[in-house]
Amino acid sequence: MKQKTIIQSIIIISLFIVPNLLAQNYSSADPYYLLKNEKKQFSQYAQKPELDSIPKYFHTQVIRPFYTPIENKPFSIRLRNEQYYNENAPNQENMDIKYIGAGNGWYTGYNISFYSNFLAFTVEPYLLRNENKDFEPIERSSPFTHLNDVRIHDKEGYIDSGFREAMIYLHYKGFGVGYGSNNMWWGPGLHSSLTMSNNTIGFPHYSLGTLHDIRIKKWGINTKAILGYLNEETGNDAIYFSALYGIFSYYSNPVISLGLTRQFISGGVELDGYTWGPEKALELLYDDLFRQDIQGTKPYLSGSGVDPWDQFLIGYISMSFPASGLLLFLEYGTHDHRFSYGDLITEPDHATGSIIGFRKYGMFENPNLFFVFEYANLIRGRYHIHRGSANWYEKSHYDDLSYLGRRWAAHSGSDSDDFLLMFGLLNDRFVFLPGFNYERHGMINFRVPEVKMEFRLDARYKYKDVWFNLYYEYQHEQHLGFPKDNVYLDEATGLRFTNTIMLGIEKLIYF
């Protein structure tokens, strides 16, 4: 413990003594930085709105992380220390390894990133301490057992250290092969993603594809194939994550980005006379889209063509208007392996989910004001009684699509919706971001769903190139555990109130 305290003190001191340099070559999956990066791009363009083309610094944020090559500055280091206090159950979303239970906690990390002509890597040595005190748990049935208020670690005084965001690539002009366990975010949303967010710890994976948008005149492409490992088993007990995504952008005014992700979670089940492996998990990505086209061709399929795993097919569209600082987006997908094209056309809303939203910078002609709206709809199909429709992320043999206790996609989970509003001030020196979040679980499965209301404030101030951060969140929750004695909709049962506060300092340097 004494050694960890000494290391923490050294990191805090180093925030103030490292020389000041300006640049950026790595954009992480953490949505904490998304608003800042987008605002910077829009502001740079607003200074020269007469440009005929969108400059190379303008990069779509749909797929993160990505690298931005910067001449003569291959290294960046982000130094961060955060102190937490949480008075009740943990319930923070999109926090990666920073699981903060009840009580006090701190996190300290050095994020080191490097990008050169042939090599790119990122790694963040970290220390994490959490009192992780007991609190009254909520009993729920599957698939609602992996919401973010679950106590993952049973031991009080939880201490962890190691390396997060670890990734290394060999590449040529932004296209290459890599391996690591860095977190990823796929989708244009700030708060939720249907297919991949940083809500849980990054899992080990191989990748082949681009490290950033490859620009050819006004066109850009960002595409990658992923093979991940969700457990440490071998043979048919091994569970694999395989995915293929492509984002195609047209850099005009507006900047239009269209994308598609196809992903599978496979393995982990007994297959008579058939052995599953990583090569089989990758082959799924190139199979026909409809089950009728592969029926009878795979030994693991049932007579009706049903497989033990379903594909997730997600589409994205985002439109950025650089001159006005506006971004509109839609994410839409299905988690059912459709039988045929006719099945898709006749019931296009079967087993679907969506996220819509916009972000507007420069509200009321003030370059520092912005507004955020986002709504995620994962409510179970209302016609499921006529046609069986599983919940999103509901597969018991894959632990309901969770990794180390938390879901890697939308944190609100199965049969839910999630609404976010933010309005505030953002510039190069001061950030003031109040917000409101309204989240519900069990919309169709239960007569009265759980309700979570969050009021949050994210305030940051930059002093001599060091950011001082304050984050406060108040949570008001009702109907927790879906109490059966709740006769009236306006009867507030299963109540819980939580206050969470974080104080942090951060510095970004380059050389």
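Here's the yes/no breakdown for (1) surrounded by 17 or more Cβ atoms within 10 Å (Cβ to Cβ); (2) of a type in the set (Lys, Arg); (3) under 21 Å from the mean Cα position of the chain (by Cα); (4) assigned to a strand (DSSP E or B):
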position: Leu433; (1), (2), (3), (4): yes, no, yes, yes
position: Arg440; (1), (2), (3), (4): yes, yes, yes, yes
position: Arg447; (1), (2), (3), (4): no, yes, no, no
position: Ala459; (1), (2), (3), (4): no, no, no, yes
position: Lys462; (1), (2), (3), (4): no, yes, no, yes
position: Tyr474; (1), (2), (3), (4): no, no, no, yes
position: Phe482; (1), (2), (3), (4): yes, no, no, no
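Check off (1) surrounded by fewer than 19 Cβ atoms within 10 Å (Cβ to Cβ); (2) farther than 20 Å from Ala225 by Cβ; (3) small (Gly, Ala, Ser) for Gly268 and give me the number that stays unchecked.
Evaluating Gly268 over (1) surrounded by fewer than 19 Cβ atoms within 10 Å (Cβ to Cβ); (2) farther than 20 Å from Ala225 by Cβ; (3) small (Gly, Ala, Ser) leaves (1) as the failure.
Among Thr195, Thr223, which is the only one that is in contact with a Phe, Trp or Tyr (Cβ under 6 Å, 6 or more places away or on another chain), touching a residue at least 12 places away in the same chain (Cβ under 8 Å) and either within 25 Å of Leu34 (Cα to Cα) or not basic (Lys, Arg) (or both)?
On inspection, the qualifying residue turns out to be Thr195.
What number goes with the only condition from (1) surrounded by fewer than 23 Cβ atoms within 10 Å (Cβ to Cβ); (2) out of contact with any Phe, Trp or Tyr (no Cβ under 6 Å at 6 or more places or on another chain); (3) not basic (Lys, Arg) that Ile256 does not pass?
Tallying (1) surrounded by fewer than 23 Cβ atoms within 10 Å (Cβ to Cβ); (2) out of contact with any Phe, Trp or Tyr (no Cβ under 6 Å at 6 or more places or on another chain); (3) not basic (Lys, Arg), Ile256 fails exactly one: (2).
Let's see how each residue does on (1) modelled with pLDDT of 85 or more; (2) crowded, with 17+ Cβ neighbours inside 10 Å; (3) acidic (Asp, Glu); (4) over 29 Å from Asn37 (Cα atoms):
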site: Phe373; (1), (2), (3), (4): yes, no, no, no
site: Tyr383; (1), (2), (3), (4): no, no, no, yes
site: Trp408; (1), (2), (3), (4): yes, yes, no, no
site: Ser412; (1), (2), (3), (4): yes, yes, no, no
site: Ser416; (1), (2), (3), (4): yes, yes, no, yes
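Let me confirm something: among Leu420, Leu404, which residue is in contact with a strand residue (DSSP E or B) (Cβ under 6 Å, 6 or more places away or on another chain) and either touching a residue at least 24 places away in the same chain (Cβ under 8 Å) or surrounded by 18 or more Cβ atoms within 10 Å (Cβ to Cβ) (or both)?
Being in contact with a strand residue (DSSP E or B) (Cβ under 6 Å, 6 or more places away or on another chain) and either touching a residue at least 24 places away in the same chain (Cβ under 8 Å) or surrounded by 18 or more Cβ atoms within 10 Å (Cβ to Cβ) (or both) holds for just one of Leu420, Leu404, which is Leu420.
Conditions: (1) loosely packed, with under 15 Cβ neighbours inside 10 Å; (2) more than 30 Å from His479 (Cα to Cα); (3) touching a residue at least 40 places away in the same chain (Cβ under 8 Å). Gly162 meets all but one. Number of the miss?
Going through (1) loosely packed, with under 15 Cβ neighbours inside 10 Å; (2) more than 30 Å from His479 (Cα to Cα); (3) touching a residue at least 40 places away in the same chain (Cβ under 8 Å) one by one, Gly162 breaks only (3).
How many residues, within the range 346-365, are crowded, with 20+ Cβ neighbours inside 10 Å and of a type in the set (Gly, Ala, Ser)?
Summing the residues that are crowded, with 20+ Cβ neighbours inside 10 Å and of a type in the set (Gly, Ala, Ser) in the range 346-365 gives 3.
Pairs please, first residue from the range 330-345 and surrounded by 16 or more Cβ atoms within 10 Å (Cβ to Cβ), second anywhere and in a helix (DSSP H, G or I) and among the hydrophobic types (A, V, I, L, M, F, W, C), Cβ atoms under 6 Å, 6+ apart in sequence or on different chains.
Arg338/Leu344
Going by the structure shown, is Ser207 crowded, with 23+ Cβ neighbours inside 10 Å and either out of contact with any Asp or Glu (no Cβ under 8 Å at 6 or more places or on another chain) or farther than 24 Å from Ala120 by Cα (or both)?
No: the conditions fail for Ser207.
Can you pull out the residues in the range 76-101 that are among the charged types (D, E, K, R) and over 21 Å from Tyr26 (Cα atoms)?
Glu87, Glu93
Among the residues of the range 306-322, is any surrounded by fewer than 15 Cβ atoms within 10 Å (Cβ to Cβ) and farther than 26 Å from Asn253 by Cβ?
Checked the range 306-322: at least one residue is surrounded by fewer than 15 Cβ atoms within 10 Å (Cβ to Cβ) and farther than 26 Å from Asn253 by Cβ.
Assigned to a loop (DSSP other than H, G, I, E, B) and of a type in the set (A, V, I, L, M): which single residue out of Leu284, Leu313, Leu328, Leu289 fits that description?
The conditions single out Leu289.
Could you give every pair whose Cβ atoms fall below 8 Å, whose first residue belongs to the range 130-146 and is of a type in the set (Ser, Thr, Tyr), and whose second residue is surrounded by 13 or more Cβ atoms within 10 Å (Cβ to Cβ) and part of a loop (DSSP other than H, G, I, E, B), counting only separations of at least 6 or pairs across chains?
If the second residue must be surrounded by 13 or more Cβ atoms within 10 Å (Cβ to Cβ) and part of a loop (DSSP other than H, G, I, E, B), the pairs left are Ser142/Glu394; Ser142/Asp400; Thr145/Asp400.
Out of all the residues in the range 204-215, is one or more among the polar types (S, T, N, Q) and farther than 30 Å from Arg151 by Cβ?
yes
So if I check each of Ser193, Ser207, which one is in a strand (DSSP E or B), within 20 Å of Ala409 (Cα to Cα) and polar (S, T, N, Q)?
The match here is Ser207.
For the range 243-281, which positions are in contact (Cβ under 8 Å) with a residue 40 or more places away in the chain, assigned to a loop (DSSP other than H, G, I, E, B) and among the hydrophobic types (A, V, I, L, M, F, W, C)?
Within the range 243-281, Val269, Trp276 qualify.
If we keep just the residues of the range 146-159 that are over 30 Å from Ser207 (Cβ atoms) and surrounded by 16 or more Cβ atoms within 10 Å (Cβ to Cβ), which is nearest to the chain's Cα centre (by Cα)? So that I can check it myself, show each step before the final result.
Just the residues of the range 146-159 that are over 30 Å from Ser207 (Cβ atoms), to begin with: 149, 151, 154-159.
Pick out the ones that are also surrounded by 16 or more Cβ atoms within 10 Å (Cβ to Cβ) and you get 149, 151, 158.
On the way: Asp149: 17, Arg151: 20, Tyr158: 24 Å.
Filtering the range 146-159 for residues that are over 30 Å from Ser207 (Cβ atoms) and surrounded by 16 or more Cβ atoms within 10 Å (Cβ to Cβ), the one nearest to the chain's Cα centre (by Cα) comes out as Asp149.
Filtering the range 210-242 down to residues that are of a type in the set (A, V, I, L, M, F, W, C) and not in a strand (DSSP E or B), which residue is surrounded by the fewest Cβ atoms within 10 Å (Cβ to Cβ)?
If we take residues in the range 210-242 being of a type in the set (A, V, I, L, M, F, W, C) and not in a strand (DSSP E or B), then Ala238 is surrounded by the fewest Cβ atoms within 10 Å (Cβ to Cβ).
How about the range 38-140: which strands (runs of 3 or more DSSP E) wholly inside it have at least 1 residues that are at pLDDT below 85, touching a strand residue (DSSP E or B) at 6+ places or on another chain (Cβ under 9 Å) and buried (at least 21 other Cβ atoms within 10 Å of the Cβ)?
In the range 38-140, the matching strands (runs of 3 or more DSSP E) lie at 75-86.
The values are calculated or read from the model by the stated rules, or taken from the named source; none is laboratory data. On a predicted model such as this, the values are computed, not experimentally measured, just so you know. We place every Cβ from the backbone using ideal geometry, glycine too, and count neighbours over all the protein chains shown.
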